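Mind looking over this structure? Questions follow.
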Amino acid sequence: MKTAKELGLGLCPKCHKVNTMHTEPMQCVRCHGWFYQRNRNSLQYTLAWNIAALLAFIPANLYPIMIIYSLGIGDESTILSGIGQFIDQGLYPIAVIIFTASIIVPLIKIIGLFVLVYKVHTGVRLKPTKHSKIYYMLEFLGPWSMLDVFVVALLVAVVELGFVTSVAAGPAINYFTMTVIFTMIAANSFDPRLLWDKKLKQQNRHAESKGI
């Protein structure tokens, strides 16, 4: 069975009209928008944004994410030290939530996108159905990694007690926000159809080698 790409068909991303691809870019016959059969330079954009996310993730964990001022004296807290303080105070559910949202989820997204790019580029042990599920899972997890940023913003708004005690967001917030944004852009830049294209090429080569 031939695929839509082999039949010269392309789906307009704006109105979802199936068009016969005469050239690229193609102008949709329904909405007149221009589009390509596959996202151009998808792997390059995904890799670039993912590397940027990884670079932003490092200072996000090294710099203080929250600064608590008590009687004018500031106490800086990084993500890991803040998690340790929650554990010391017996607030295990909050510590687990912050650790998952701040460390686990961003790392899963970054590593997962690197794996998908590598799989598409090399085609090593490519299972499109499995990797497509991984892609959509990574895309779904993106906004949830902003949870600890929300917690800090909530603390800044609620725990403000004037000159006695006050809470301020640290510089790590900016880097962590960039990490989340960059991973979301990287996930959106990745075209999951490339997984199937690579698998199809492998099947065709295998069939040709057997003389089918």
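When the Karplus curve 6.51 cos²θ - 1.76 cosθ + 1.60 is applied with θ = phi - 60°, which whole-Hz ³J(HN,Hα) does each residue of the range 14-23 get, with x for Gly and Pro?
With the stated coefficients, the range 14-23 comes to 8, 10, 6, 8, 7, 10, 7, 7, 8, 7 Hz.
Taking amide H atoms as placed 1.01 Å from N in the peptide plane, list the residues 5 or more away in sequence, or in a different chain, whose amide H sits under 5 Å from that of Leu9.
For Leu9, whose amide H was placed from the backbone, the distant partners under 5 Å are Met21.
Right, another one. Starting at the first residue of the range 51-65, write each ³J(HN,Hα) from the Karplus equation 6.51 cos²θ - 1.76 cosθ + 1.60 with θ = phi - 60°, in whole Hz, x for Gly and Pro.
5, 4, 5, 5, 5, 6, 5, 5, x, 4, 9, 8, 7, x, 9
Could you compute the net charge surrounding Gln85? Neighbours are other residues with a C-beta less than 13 Å from the C-beta of Gln85; K and R count +1, D and E count -1.
Numbers: positive: none; negative: Asp75, Glu76, Asp88.
It works out to a net charge of -3.
Any read-out appearing in this document is the output of simple, stated calculations on the displayed coordinates, not a laboratory observation. In this text, all values refer to a predicted model and were calculated from it rather than measured experimentally. Glycine also receives a Cβ, built like all others from the backbone with ideal geometry; neighbour counts cover every protein chain displayed.
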